[in-house]
Structures are given as structure tokens and as C-alpha cells.
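Contents: one structure, followed by commentary.
Read-outs throughout are calculated quantities, based only on the coordinates presented, and are distinct from any laboratory measurement. Just so you know, these numbers come straight off a predicted model, no measurement behind them. Neighbour counts run over all protein chains shown; Cβ positions are idealised from the backbone, glycine included.
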Amino acid sequence: MLRNITKKDVNDLKEWFDNYVYTFKTGDKNQRENIALKEEHTRRVRKEILDIGKELELDEHALCLAETIALFHDIGRFEQYARYQTFVDSRSVDHALLGVKILEDNTVLRSLDKPVQDLILRTIRYHNRATLPREETETCLFFAKLLRDADKLDIWRVVTDHYHQEKDKRNDAIEYGLPDTPVISEEVYYDLMNKKIVDITHVRNLNDFKLLQIGWVFDINFSSTLQRVKTRHYLDMIRDVLPKTKKIKDIFAVAQSFLNGR
Ligand SMILES: [Fe+2]
């Protein structure tokens with residue numbers, strides 16, 4: 001019989017997280033700002049995952065598991081930034097794999113049963129992949145989907161705040177240092193018109209990057225997440241900071257009708 005993960009476990013793990021993150025609160029203003037960015041993101045993803053989980057009527061243990069997954073999903077971000085001064089995985093490390101390694105090296109999850117530990121590590125490993133693996137248990141896929149939805153909700157919040165801020169106050173790490181040129185890439189247009197998420201290798205400038213975030217609506221798993229996208233007007237806020245061209249109008253028509261139809 002498996003021992004269920006409890007609120008006490010989650011509190012102990014939060015304490016480990018706080019102590020770990022504290023060790024990165026050094027260095028210059030940029031580093032401190034970016035460490036805080038991911039710390040705050042983690043806090044809000046925990047809240048998002050709990051809100052969605054409660055709407056799905058998960059029991060207390062499942063909520064504890066979901067919260068733990070959210071707590072650790074970006075644990076690799078701190079060391080990634082400290083080592084490489086970037087959040088771009090392709091220019092540094094896969095932050096999900098680094099996170100799994102950090103949790104393993106520090107035996108952070110040792111008080112939990114082995115199958116629970118494995119489940120947590122697998123969902124973290126998958127959270128930043130373009131698609132989820134087919135060969136997985138239903139439970140693992142369920143929690144991985146929950147995490148991906150909660151994570152996207154908060155990234156939408158971060159980027160929409162960011163785009164609506166004055167240029168000189170913006171944090172470059174959020175837009176991955178992409179050039180702000182006036183066009184959009186053909187491949188990005190076709191991905192979205194086909195209701196597919198944008199292939200990251202097609203992203204060449206800031207407009208493409210914003211469009212990639214529009215395409216996340218095609219990769220949302222739960223209707224309560226889509227509901228939140230609607231009531232928070234994330235798509236409108238991204239459209240407001242894109243050029244008013246025919247192609248972009250076409251893309252929004254497709255995304256909006258997809259959102260309304262779900
Ligand atoms: Fe995240």
C-alpha cells in the first residue's frame with residue numbers, strides 16, 4: 001500500500017525549496033531579478049494548479065501531489081540562470097532535465113514512496129516538451145497535463161504584463177533576446193492556421209514568439225484552463241502588441257474560434 005503524500009510533506013518540501021532558492025539570491029541586479037521572477041512564477045503555478053485541481057474535484061492527496069509537481073517543475077531554472085545567465089534551453093541546458101538531476105542529487109524527495117518520487121520526476125521531465133510521450137501511465141499523463149496547463153496560464157500572465165510595460169522597464173530574459181523586426185515567419189503562420197502549436201525552431205523574431213504563445217490554446221488540456229484564458233483576455237492582450245496585418249487577423253480568427261468552440 002502506498003503512503004499518500006500529505007500536507008506535512010508539502011510543507012517540508014516548500015521549506016527545502018525556499019532554502020535552496022535563497023542560495024541563488026546573490027550577484028548583480030539582473031540575477032536577483034531573474035531568480036525572483038522564477039520564484040514568483042513557481043508560487044503562482046502552485047496556485048493555478050490547485051485552482052484547476054479543485055475545479056476537477058481532486059482529493060486532498062492528489063492536490064498535494066499536484067502542488068509538489070508545480071513547486072519543483074522549474075527548480076532547474078535557478079542553476080540554469082546562475083550558470084548561463086539565460087533561460088533559453090537551446091543556448092544552455094534543458095531546464096527540466098537539470099531540475100530532475102538537482103532533485104535526485106539532493107535526494108529531495110526521499111521521504112516519499114518510490115513510485116510517487118518517480119511520478120513527480122517524470123512529470124517534471126516532460127513539462128517543457130513539445131508533446132507528451134505516448135508510452136506513459138494515465139496517472140502520469142494526467143498530472144503532466146495539469147502542470148502544463150497551470151504553467152502556461154502563468155507564462156501568459158508574465159508575458160502579457162511584460163508586453164504592456166514600457167520598453168526600458170522590460171526584462172530581456174523574458175523575450176529571449178529575439179529581434180523586434182516587423183514581419184512574421186511563414187512557417188509560424190502555417191503552424192497556427194493548421195491549429196498546431198508553433199514549432200520553436202520556426203521562431204525568428206519577437207512577433208513569432210508572441211504568436212507561439214497564441215498557439216498554446218491548441219495545447220490546453222482542461223476546459224477550466226481555457227475558461228481562464230477567456231476571462232483573463234490573454235489572447236486580446238497579445239493581439240494588441242502585434243502588427244494589425246491580414247495574416248495576424250487570420251491567425252486570431254482561427255485561435256478565437258477554437259477557444260470559443262471548446
Ligand atoms: Fe514554469
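For region 154-224, the number of Lys pairs separated by eight or more positions or lying on different chains, with C-alpha atoms closer than 21 Å, is 4. Label reach from Thr181 (point 7 Å along Cα→C-beta): in region 195-212, amide nitrogens under 14 Å belong to 202-209. Given R0 = 30 Å, the distance between the Cβ atoms of Arg3 and Asp51 translates into a calculated FRET efficiency of 0.70.
About its Cα centre, the dipole of region 180-262 is roughly 380 debye, where the only charges are +1 on Lys and Arg Cβ and -1 on Asp and Glu Cβ. Residue ranges 66-74, 200-208 sort as 66-74, 200-208 when ordered by packing (mean number of other C-beta atoms within 10 Å per residue, highest first). Peptides 118-129, 48-59 ordered by packing proxy, namely the average of other Cβ atoms within 10 Å per residue, highest first: 118-129, 48-59. Entry note, the chain: relative contact order of 16 percent, from Cα contacts under 8 Å with a spacing of 6+ residues. What separates the Cα centres of region 216-240 and region 120-192 is a distance of 13 Å. For an R0 of 22 angstrom, estimate the FRET efficiency from the Cβ-Cβ distance between Glu60 and Ser111 and round to the nearest 0.05. The calculated FRET efficiency here is 0.80. Maximal additional length on extending the His162-Glu135 stretch stands at 6.0 nm, based on 0.36 nm per residue less the C-alpha distance.
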